[in-house]
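Chemist: Here you go, one structure.
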Amino acid sequence: MKRINNSVIALALFIGIANANAQEKRTLSLDEAVRLGIQNSKNLKIDAARIEEATADLLEAKNRQLPELKISGSYMYLPIKPNVDIKLPGVSGGAGGPEIHQVLYGSANLSVPVYSGGRIKYGIQSAKYLVEAAKLSTENDKTAIAYNVAQAYNNLFKANQSIKVFEENLAASQKRDETFLKMENNGLIARNDRLKANLQTSNIELQLLEARNNYNIANINMDLLLGLPETTEIEVDQNYIEEGVDIKPVDFYVNQARENRKDLQALAQQRKAAELGTKAAKAENLPSIAFTGGYVAADIPKFLTVYNAVNVGVGISYNLSNIWKENSSLRQSQAREKQLAATDELLNDNIKLDVNREYQNNDYSKKRISVFEKSAEQANENYRITKNKYDNGLATMTELLDADAAQIAANIGVINAKADAALAYRKLLQTTGTLTIK
C-alpha cells in the first residue's frame, strides 16, 4: 500500500510540473508584440512571394534585350534508298546515283535585337515600376498588421484589467457577505437583505468568469498573431495607455497621408507601369530589326559534305496583319490606365474620409476619458455616501448594491476609455501611413 501511495504522489508531482511548464508566461511591450507580429505574419509571406514574382517578371523583361543563340542538330536514317535527281551540268543522278542511307545536319543561329519599337525598353521600365509597387504594398500591409496587433493587444489589456477589478470587488463582496451573515444571525438584518447581497456576489462571479473567458480568447488570438505557441500567456505592459500625445490640426494628418500612404504610392507606380504598357502596345505596329548570324554543317555520306557555312545579316520582322487588325492590346492598356486613374481619385477621397473620421474618433475617445473619470468619482462618492447611510439605517440594501454595481461599471469604464483612446490614436496614425514600428 505504501508503494502505491508513493507512486500516486510521484505521478501527481509529475502532472503538476508538466502543467506548470505547459503554460509559459511572457511579458511583451506593444512595440515588441508588433515586431513579432510582422516577423511571423502569413500575409507578409504571401507579399514576399509576390515581390519575388514581380522580380522574376523584371528579369524576363531584361532577358529580351540579350542576344538569342540557338543550336540544333539532326540525324536521319533512310531505310529506303531515295531517288536523287541532280540537275547540275556534268553531275549524274537518277537510278545510278550514290547509296544514301543517313543524313547529319547541324546549325547555330544568333540574333541580336537592334530595334523593336521600344517594346523591350518599355517592358523593362514597366516591370521595375511593378516591383516597386509590390514592395510598397508590402509596407502598407506592415502598417495594417501593426494596427491589428495593437488592437489585439488592447483587447488583452482591457480583459486583464477587467479581471483585476472584478477580483477586487468579488473579494470585497465576499467579505461583506460574511459580515451580513453575522448580522443576520444576530438579528440585525433580514434574511432577504442578506440574500440580495449574496446575489450581488454571484453576479460579480459571473462577470469575473466572462472576463476570464474574454481574456483567454484574446490571449489565444495574440498568440496566433505573433506566431507563439497557443499555451503562451502574454502579460501586457500597462503603461502604454498613459502615453500623452499632442494632437495637431486635421489638415496636418491629411497632408501626412498624402505623403506617406504606401497604398497611394503603390498605385502611382502601377499607373506609371500602365502608361508604359500603352506605349509598348503602340509599338506593336512597328517593325523589329535584329542582327543575325548563323553556322550550318551537313554531312550526307558518299554524296555531300558542307562545313563552315557561316552567314551574317540583318533581319526585319513586321506583322502585316496589323494593317487591318485593330490593336486590342492598346485598347486594353488604355482601359487599364482609365481604371487606375479612377481608382486613384477614389483612394484619395477615401483617405480624406478615413483621416477625418479617425481624427474625430480620436478626439471623441479623449473626451470619453474625462467623462468616465468624472463618472467614476461620482460613483465612488455615491457608494461611500450610500454605505454610510446604510450603516445608519437611512438606505436600503438594494440602494447599497446598486451603488456598488455602478461603482464597478464606472471604474472599468475609465480603464476601457483610456485603452480605447490609445488605440484610436494608433488608428489615426495608420490612416496617415505613419504608424511606425520602433
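Chemist: For the chain, with a Gaussian network of springs between Cα atoms less than 10 Å apart, report the residue from G123, G294, G187 with the top mean-square fluctuation.
Modeler: It is G187.
Chemist: So, in nm, how far is label E53 from label V114 when the simple model puts each one 7 Å beyond its Cα toward the Cβ?
Modeler: With each label placed 7 Å out from Cα toward Cβ, I get 3.9 nm.
Chemist: Most mobile of R191, R64, R357 per a Gaussian network model of the chain (Cα springs, under 10 Å)?
Modeler: Maximum among the listed residues: R191.
Chemist: Could you work out [θ]222 nm for the chain from helices alone, using -39500 (n - 2.57) per DSSP H run of at least four and dividing by all its residues? Round to the nearest 500 deg cm²/dmol.
Modeler: That comes out to -24000 deg cm²/dmol.
Chemist: Just add up the charged neighbours of E184: K/R +1, D/E -1, any other residue whose Cβ is under 12 Å from the Cβ of E184.
Modeler: Net of charged neighbours comes to +1.
Chemist: So which of K42/K338; K196/K374; K272/K427; K62/K272; K42/K272; K128/K262 end up more than 21 Å apart, counting from Cα to Cα?
Modeler: Beyond 21 Å between Cα atoms: K42/K338; K196/K374; K272/K427; K42/K272.
Chemist: Given 10 °C and 1.306 mPa s, how large is the Stokes-Einstein diffusion coefficient of the chain in µm²/s, with Rh as the Kirkwood radius over Cα pairs?
Modeler: Translational D for this selection: 52 µm²/s.
Chemist: For segment 234-340, would you read off the P(r) tail past 19 Å as a percentage of all alpha carbon pairs?
Modeler: 75
Chemist: Return the distance in nm (one decimal) between the two label points of a simple spin-label model at E139 and S74, each offset 7 Å from Cα along Cα→Cβ.
Modeler: 5.6
Chemist: First compute the accessible area of segment 202-309 with a 1.4 Å probe, then give the percent of it belonging to carbon and sulfur atoms.
Modeler: Carbon-and-sulfur percentage of accessible area, whole number: 51.
Chemist: I'd like the FRET efficiency for Y307 and N63, computed as 1/(1 + (r/R0)^6) with the beta carbon distance as r and R0 of 41 Å, rounded to 0.05.
Modeler: Plugging the Cβ-Cβ distance into 1/(1 + (r/R0)^6) gives 0.80.
Chemist: Right, next: Over the residues of segment 320-365, compute the C-alpha Rg and express it relative to 2.2 N^0.38 Å. Don't skip to the answer; put the middle values down first.
Modeler: Numbers: Rg = 20.5 Å, N = 46, 2.2 N^0.38 = 9.4 Å.
Working it through for segment 320-365, the quotient is 2.17.
Chemist: Could you tell me the relative contact order of segment 315-438? Use alpha-carbon pairs under 8 Å, at least six residues apart, and round to a whole percent.
Modeler: This gives 33 percent for segment 315-438.
Chemist: Right, next: Could you work out how far helix 250-260 tilts from the main Cα principal axis of the chain, as a 0 to 90 degree angle to the nearest 10?
Modeler: Its long axis makes an angle of about 30 degrees.
Chemist: Taking the Cα centroid of segment 396-438 and of segment 247-277, what is the distance between the two, rounded to the nearest whole Å?
Modeler: Here the two parts' Cα centres lie 33 Å apart.
Chemist: Using all C-alpha to C-alpha distances in segment 129-174, build P(r) with 10 Å bins and read off the rounded percent in each one.
Modeler: 24, 23, 19, 15, 11, 6, 2
Chemist: Then there's this: With springs only between Cα atoms under 10 Å apart, run a GNM on the chain and tell me which of I38, I163, I300 wobbles the most.
Modeler: I300
Chemist: Another question, then. Quote the charge dipole size of segment 142-210 about the Cα centre in Debye, to the nearest 20; the model charges only the Cβ of Lys and Arg (+1) and of Asp and Glu (-1).
Modeler: 160
Chemist: In debye to the nearest 20, how big a dipole does the chain give about its Cα centre with +1 on each Lys and Arg Cβ and -1 on each Asp and Glu Cβ?
Modeler: Result for the chain is approximately 1020 debye, rounded to the nearest 20.
Chemist: Positive end of the dipole of segment 102-253, charges at C-beta (+1 Lys, Arg; -1 Asp, Glu), about the Cα centre: which of N216, V149, T232 has its Cα farthest in that direction?
Modeler: V149
Chemist: What is the sum of charges around S111, taking Lys and Arg as +1, Asp and Glu as -1, for the other residues whose C-beta is under 10 Å from the C-beta of S111? Walk me through the numbers on the way to the answer.
Modeler: On the way: positive: K70; negative: E68.
Residues close to S111 contribute a combined charge of 0.
Chemist: Between E99 and N239, what length comes free when the chain is fully extended (0.36 nm per residue of separation minus the Cα-Cα distance, one decimal in nm)?
Modeler: 40.6 nm
Chemist: How long is segment 95-156 along each principal axis, judged by its Cα atoms, biggest number first, in Å?
Modeler: The principal-axis extents, from largest down, are 98, 33, 14 Å.
Chemist: Mind checking the angle between helix 191-226 and the chain's longest principal axis? C-alpha axes, 0 to 90 degrees, to the nearest 10.
Modeler: Approximately 20 degrees, to the nearest ten.
Chemist: Note the angle between two axes, namely the Cα long axis of helix 30-39 and the longest principal axis of the Cα atoms of the chain, as a number of degrees from 0 to 90, rounded to the nearest 10.
Modeler: That works out to roughly 30 degrees.
Chemist: With the dipole of segment 331-433 worked out from charges on the C-beta (+1 for Lys and Arg, -1 for Asp and Glu) around the Cα centre, which of G433, N380, Y364 lies farthest toward the positive end?
Modeler: Of G433, N380, Y364, it is G433.
Chemist: What area, in nm² and to one decimal, does the C-alpha convex hull of segment 135-213 cast on average over all directions?
Modeler: Numbers: hull surface 23.0 nm².
Its Cα hull, projected and averaged over all orientations, spans 5.7 nm².
The values are calculated or read from the model by the stated rules, or taken from the named source; none is laboratory data. All values derive from a computational prediction rather than experimental measurement. Reconstructed Cβ throughout: ideal geometry from the backbone, glycine too, with neighbour counts over all protein chains shown. Surface accessibility is based on the protein's heavy atoms, side chains included, excluding ligands, DNA and RNA. Shrake-Rupley method; radii C 1.70, N 1.55, O 1.52, S 1.80 Å.
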